[in-house]
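A.B. asks: This is the structure I have questions about; it appears just below.
The values are calculated or read from the model by the stated rules, or taken from the named source; none is laboratory data. Bear in mind that the values here come from a model prediction, so they are computed numbers and not experimental data. FYI the Cβ positions are ideal-geometry reconstructions off the backbone, even for glycines, and counts take in every protein chain you see.
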Amino acid sequence: MAKCSICGSKIAELILEKIKGTVVRKPGSSKQYPVCFECQKKFPTKEELLQKL
Ligand SMILES: [Zn+2]
């Protein structure tokens, strides 16, 4: 199960292995960071999310 990269809570996964939430990528990096809906609400822009990773 995926964990949120910011708050560490588990992210529920949908069938077809799609993560319910979003995945952000740091510029210049191929590593992916899953982020839950709650954190997306708290940090609505990608820039803010990246600062919290
Ligand atoms: Zn979170």
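A.B. asks: Filter segment 1-23 down to residues that are part of a strand (DSSP E or B) and touching a Pro at 6+ places or on another chain (Cβ under 8 Å) and give me whichever is modelled with the highest pLDDT.
C.D. replies: So, considering only residues that are part of a strand (DSSP E or B) and touching a Pro at 6+ places or on another chain (Cβ under 8 Å), the one modelled with the highest pLDDT is Lys3.
A.B. asks: Out of everything in segment 24-52 that is surrounded by 14 or more Cβ atoms within 10 Å (Cβ to Cβ) and in a loop (DSSP other than H, G, I, E, B), what residue ends up being modelled with the lowest pLDDT?
C.D. replies: Result: Cys36.
A.B. asks: In addition: Enumerate the pairs (first residue in segment 28-49 and without any contact (Cβ under 8 Å) to a residue 40 or more places away in the chain and more than 15 Å from Cys7 (Cα to Cα); second residue anywhere and more than 10 Å from the ligand (Cβ to nearest atom) and of a type in the set (Val, Ile, Thr)) with beta-carbon separation below 7 Å, excluding pairs fewer than 6 apart on the same chain, so at least 6 apart or on different chains.
C.D. replies: Within 7 Å, the pairs are Gln32/Val23; Lys46/Val24.
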